[in-house]
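A short worksheet on the structure shown next.
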Amino acid sequence: MTDYPQLLHTVIDTTDARALAEFYRQLLGLQYRRGDEPPAEGEADDADWLVLVDTNGARKLAFQQVERLERTTWPRHDVPMQMHLDFTVSSLEELRRQRDRAESFGAELLLDRTDDANEPLYVLADLSGHPFCIFVA
């Protein structure tokens, strides 16, 4: 029997680790790994690495502080996406609801393809400009 590497989590570079972690925490209903919670009011937040987990404690996403991050120019290819996340929902109504939620957390709409009968979707950018898709599965 062969052992294979196991995916621990996906790491996303950002110039503001706390803000981006909070964006995805709210969007996906995740929670901070023990010790990564936001500091108490008035305390400094010097987090440069944060991890989000699901309700079972399984790691899902991590956020790494970087000094500089060039935002993708997608759909132009001057600065390619390099990576993006895909999320699915069950219906067109839910797709629209999740777009509204994402935008309320600071996401920016990049593409509206909800008129596609086979795979309606939105492409949005998170707070650091990383594209992500939400589509009807």
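Every number in this text was worked out from the coordinates using simple rules, so none of it is lab data. Note that the structure is predicted; figures quoted are calculated from it, not measured. When we count neighbours, we look across all protein chains shown, and the Cβ atoms used for this are built from the backbone with ideal geometry, even at glycine.
At-a-glance table
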{"quantity": "Cα-centred dipole magnitude for the chain, charges only on beta-carbon of K, R (+1) and D, E (-1), debye, nearest 20", "calculated": "280 debye"}
{"quantity": "Between the range 87-127 and the range 1-67, the alpha-carbon center distance in angstrom", "calculated": "23 Å"}
{"quantity": "Linear extension gain, GLN64 paired with ASN118, 0.36 nm per residue minus alpha-carbon span", "calculated": "15.9 nm"}
{"quantity": "R0 of 30 Å, Cβ-Cβ distance LEU92-ASP54: FRET efficiency to nearest 0.05", "calculated": "0.70"}
{"quantity": "Cα gyration tensor, the range 1-107 - rounded (a/c under 1.5), prolate or oblate", "calculated": "rounded"}
{"quantity": "Added length on full extension, which subtracts the Cα-Cα distance from 0.36 nm per residue, LEU109 to LEU8", "calculated": "33.5 nm"}
{"quantity": "On Cα atoms only, tilt of 92-104 relative to the major axis of the chain in degrees", "calculated": "40 degrees"}
{"quantity": "Antiparallel DSSP beta bridges within the range 49-137, percent to nearest 5", "calculated": "75 percent"}
{"quantity": "Neighbour-count order for ILE134, ILE12, fewest beta carbons within 10 angstrom listed first", "calculated": "ILE12, ILE134"}
{"quantity": "Spacing of the two label points (7 Å from each Cα toward its C-beta) at TYR32 and ALA44, in nm", "calculated": "1.7 nm"}
